[in-house]
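Scroll down for the structure; my scribbles are underneath it.
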Amino acid sequence: MSGNELKLCGRVRVLPTVDELYDELAGALMSAAEAAVAERGVFHMALSGGSSPGPFYMRLVTDPRFRGVPWHATHVWMVDERRVPVTDDRSNFKMIRETLVDQVALPVGHAHPVPTMLEDPAGVYERELRGAMNLEGGVPVLDFVLLGMGEDAHTASLFAGSPAIGVRDRLIANNDGPCVTPPPRVTMTYPLLNAARELAVLVTGKKKASTLRLVDEQLRGKGPDPGRLPITGVRPGRGKMTWYLDAAAAGEVDP
Ligand code: 6PG
């Protein structure tokens with residue numbers, strides 16, 4: 001099966017190399033940012049951590065083709081975070097600050113790290129998010145959300161069998177327990193993710209090919225099963241969703 005035949009929620013873009021994939025993803029992010037600022041004067045984007053997106057963030061901020069991103073009107077939110085200090089190498093914000101935030105002219109107060117060391121970081125972060133954004137239908141609508149996918153089909157810090165999977169009355173949740181890869185986490189929940197105007201899922205490398213096939217089979221068969229394959233719970237309402245896969249993740253290169 002070629003990647004373009006994968007049945008995933010939304011559009012599937014398969015590019016031969018990661019380099020070409022970053023170019024297309026950066027172009028989509030810049031277009032979303034320009035449209036948001038033109039229409040509403042501000043661009044709210046939420047970024048994921050992990051190992052995949054770091055090189056993409058560096059491409060976005062160094063490649064002159066993407067100099068058009070309106071950083072002066074951009075807010076950077078965290079899709080999820082590990083409950084460690086921002087100086088800890090496991091911190092997603094540490095990686096995003098080093099690869100992106102410190103490289104662009106974001107106005108003061110436009111980078112939003114999660115207050116991980118407070119007693120209830122999710123509650124504080126949700127109040128910050130609600131206070132900074134316009135609500136549509138009672139929910140803040142993020143303009144662009146970049147997600148990854150683990151080999152276990154988790155996304156954000158929504159892990160199979162973990163408490164945050166079932167949260168529908170909050171936008172941000174603390175997540176912990178035997179199903180959560182340590183350390184304890186804070187994560188955006190499905191209600192917030194699925195309200196976004198645009199979702200992009202960046203998946204690269206042949207290690208992810210079998211997981212994408214599992215997701216494809218699930219969606220062709222019984223339909224979304226967030227409890228077992230959390231990424232299948234990401235199903236935007238009015239927004240659009242695009243999967244950015246390299247040929248290896250799409251299973252188009254020899255195993
Ligand atoms: C995290 C990330 C996580 C990530 C996936 C994929 O906190 O680890 O936010 O959700 O997107 O684990 O990670 P890789 O891109 O490193 O495979």
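The values are calculated or read from the model by the stated rules, or taken from the named source; none is laboratory data. Everything numeric here is computed off the predicted structure, so don't read it as measured data. Glycine also receives a Cβ, built like all others from the backbone with ideal geometry; neighbour counts cover every protein chain displayed.
Structure notes:
- Segment 32-55 residues that are in a helix (DSSP H, G or I), paired with ones that are exposed (fewer than 15 other Cβ atoms within 10 Å of the Cβ) (beta carbon under 9 Å, 6 or more apart): Ala33/Gly68; Glu34/Gly68; Val37/His72; Arg40/Asn134; Gly54/Glu98
- Test: residue in segment 125-140 that is within 16 Å of the ligand (Cβ to nearest atom) and either farther than 17 Å from Arg235 by Cβ or at pLDDT below 95 (or both): yes
- Being touching a residue at least 24 places away in the same chain (Cβ under 8 Å), surrounded by fewer than 18 Cβ atoms within 10 Å (Cβ to Cβ) and farther than 26 Å from Arg127 by Cα is a property that Gly221 lacks.
- Within segment 142-162, restricting attention to residues that are in contact with a Leu (Cβ under 8 Å, 6 or more places away or on another chain) and assigned to a strand (DSSP E or B), the residue that is farthest from the ligand (Cβ to nearest atom) is Phe144.
- Test: residue in segment 162-175 that is within 17 Å of Gly49 (Cα to Cα) and within 14 Å of the chain's Cα centre (by Cα): yes
- Exactly one residue out of Leu193, Leu146, Leu129 is in contact with a Ser or Thr (Cβ under 6 Å, 6 or more places away or on another chain), buried (at least 19 other Cβ atoms within 10 Å of the Cβ) and within 30 Å of Asp23 (Cα to Cα): that is Leu146.
- Every residue from segment 84-99 that is more than 11 Å from the ligand (Cβ to nearest atom) and in contact with a strand residue (DSSP E or B) (Cβ under 8 Å, 6 or more places away or on another chain): Asp88, Arg97
- Scan of segment 188-211 for residues that are within 16 Å of the ligand (Cβ to nearest atom) and either among the hydroxyl-bearing types (Ser, Thr, Tyr) or assigned to a helix (DSSP H, G or I) (or both), ordered by number: Thr189, Tyr190, Leu192, Leu193, Thr204, Lys206, Lys207, Lys208, Ala209, Ser210, Thr211
- Segment 80-111 - residue that is part of a helix (DSSP H, G or I) and free of Cβ contacts under 8 Å to residues at least 12 places away in the same chain and, of those, surrounded by the most Cβ atoms within 10 Å (Cβ to Cβ): Lys94
- Any chance Val114 is surrounded by 20 or more Cβ atoms within 10 Å (Cβ to Cβ) and either farther than 27 Å from Leu245 by Cα or of a type in the set (Gly, Ala, Ser) (or both): yes
- Verdict on Arg185 being of a type outside the set (A, V, I, L, M, F, W, C), within 14 Å of the ligand (Cβ to nearest atom) and out of contact with any Gly (no Cβ under 8 Å at 6 or more places or on another chain): yes
- Test: residue in segment 57-78 that is closer than 17 Å to Ser157 by Cβ, within 15 Å of the ligand (Cβ to nearest atom) and among the hydroxyl-bearing types (Ser, Thr, Tyr): no
- Single residue of Thr155, Thr189 found to be touching a helix residue (DSSP H, G or I) at 6+ places or on another chain (Cβ under 8 Å) and in contact (Cβ under 8 Å) with a residue 40 or more places away in the chain: Thr155
- Being modelled with pLDDT of 95 or more, more than 12 Å from Phe144 (Cα to Cα) and of a type in the set (S, T, N, Q) holds for only one residue in Thr74, Thr62, and it is Thr62.
- Restricting attention to segment 170-187 and to residues that are out of contact with any Pro (no Cβ under 8 Å at 6 or more places or on another chain) and in a loop (DSSP other than H, G, I, E, B), the residue that is surrounded by the fewest Cβ atoms within 10 Å (Cβ to Cβ) turns out to be Pro178.
- When segment 30-45 is filtered for residues that are touching an Asp or Glu at 6+ places or on another chain (Cβ under 9 Å) and either acidic (Asp, Glu) or buried (at least 19 other Cβ atoms within 10 Å of the Cβ) (or both), the ones remaining, listed by number, are Ala32, Ala33, Ala36, Phe43, His44, Met45.
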